[in-house]
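First up is the structure itself, then whatever we jot down about it.
The values are calculated or read from the model by the stated rules, or taken from the named source; none is laboratory data. Computed from a prediction, not measured in an experiment: that's the story for all the values here. Because the Cβ atoms are built from the backbone with ideal geometry, glycine has one as well, and the counts that use them run over all protein chains shown.
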Amino acid sequence: MPKSSRKSREDILGLAIPLFAKSGFDGVSIRDVASQIELTPAALYYHFKDKEELYLETVKYAFETKTSAAKELIESSDDPIVNIEGFINWFVDTLNKEKDFQRLLQWVLLDSNPARMQNLVKGVFSDLFMATRKLAERFSPPYDPHMLSISIIGLVLCHFQSQQGRQFLPGNKALHDRPKVISTHILNLLKNGLPAS
């Protein structure tokens, strides 16, 4: 048996991440994945019943390998400000360093298939979201914890999702791409809000 045919499920998931990160679910075929990881499509089907399962397991694998530290940071202290600082710093650093993870996350958020999105939310994102929501509850009232959680996540994601286009916007500076600058800006905004007019 050739060495390439003995890839583990984990090997396959790790090698599939860059493919789905580059082209999303619709832009990748089973043949593409099999070719990339030097297996036959039949060997790939031994591990995964179809492309849908391969995609869901790939996203889950990519997410779980990155987010276990985030859950610890969210629950690391009795001070919610310390926890939110840890989470935002982790999220910004992770998106900055892990380009495939960043791109995969963007494709996932753009997925228009409701059933697949529901599976991704239940099987991949719910644990981290619930940890973030618990943290947000510690700031209530006056904030709705669901909306605050989404806002915190969105503030971080938008800086990376808009990176290609915002370089052409008036006032953009190279330093706006530095992780520390992004984290500090978001934390200051969350802690201080906008000044009263």
*asked:* I need the full set of residues from segment 65-77 which are without any contact (Cβ under 8 Å) to a residue 40 or more places away in the chain and either surrounded by fewer than 16 Cβ atoms within 10 Å (Cβ to Cβ) or under 14 Å from the mean Cα position of the chain (by Cα) (or both), in order please.
replied: Thr65, Lys66, Ser68, Ala69, Glu72, Ser76, Ser77
*For segment 143-194, how many residues are within 25 Å of Phe129 (Cβ to Cβ) and either among the small types (Gly, Ala, Ser) or touching a strand residue (DSSP E or B) at 6+ places or on another chain (Cβ under 6 Å) (or both)?*
6
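Using the structure shown, decide if Asp144 is acidic (Asp, Glu) and over 17 Å from Asn83 (Cα atoms). Talk me through it step by step, then tell me what you get.
Numbers: acidic (Asp, Glu): yes; over 17 Å from Asn83 (Cα atoms): yes.
The answer is yes for Asp144.
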*In segment 160-175, what residues are surrounded by 10 or more Cβ atoms within 10 Å (Cβ to Cβ), without any contact (Cβ under 8 Å) to a residue 60 or more places away in the chain and under 23 Å from the mean Cα position of the chain (by Cα)?*
Gln161, Ser162, Gln163, Arg166, Gln167
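Which is at pLDDT 90 or above, in contact with a Lys or Arg (Cβ under 8 Å, 6 or more places away or on another chain), within 27 Å of Asp26 (Cα to Cα) and of a type in the set (D, E, K, R), of Arg166, Arg103? Spell out how you get there, then give the answer.
Details: Arg166 fails: in contact with a Lys or Arg (Cβ under 8 Å, 6 or more places away or on another chain).
Residue meeting the stated conditions: Arg103.
Check Ala136, Ala115 and return the single one that is closer than 21 Å to Val28 by Cβ, without any contact (Cβ under 8 Å) to a residue 24 or more places away in the chain, assigned to a helix (DSSP H, G or I) and more than 12 Å from the chain's Cα centre (by Cα). Outline the logic, then answer.
Numbers: Ala136 fails: closer than 21 Å to Val28 by Cβ.
Matching residue, one of Ala136, Ala115: Ala115.
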_Just checking, does segment 36-54 include any residue being surrounded by 19 or more Cβ atoms within 10 Å (Cβ to Cβ), among the acidic types (Asp, Glu) and in contact with a helix residue (DSSP H, G or I) (Cβ under 8 Å, 6 or more places away or on another chain)?_
no
_Top-ranked residue in segment 176-196 [being over 14 Å from Ser151 (Cβ atoms) and part of a loop (DSSP other than H, G, I, E, B); ranked as modelled with the lowest pLDDT]_ = Ala196
*Candidate set from segment 101-159 (those that are farther than 25 Å from Pro179 by Cα and polar (S, T, N, Q)); member that is surrounded by the most Cβ atoms within 10 Å (Cβ to Cβ)*: Asn119
*Collect the residues in segment 78-112 that are part of a helix (DSSP H, G or I), free of Cβ contacts under 8 Å to residues at least 60 places away in the same chain and over 10 Å from the mean Cα position of the chain (by Cα), keeping them in residue-number order.*
Pro80, Val82, Asn83, Gly86, Trp90, Lys97
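Could you list all residues from segment 78-100 that are charged (D, E, K, R) and buried (at least 19 other Cβ atoms within 10 Å of the Cβ)? Working first, answer last.
Taking segment 78-100 first, the residues charged (D, E, K, R) are 78-79, 85, 93, 97-100.
If the condition is that a residue be charged (D, E, K, R) and buried (at least 19 other Cβ atoms within 10 Å of the Cβ), then Glu85 is the only one that fits.
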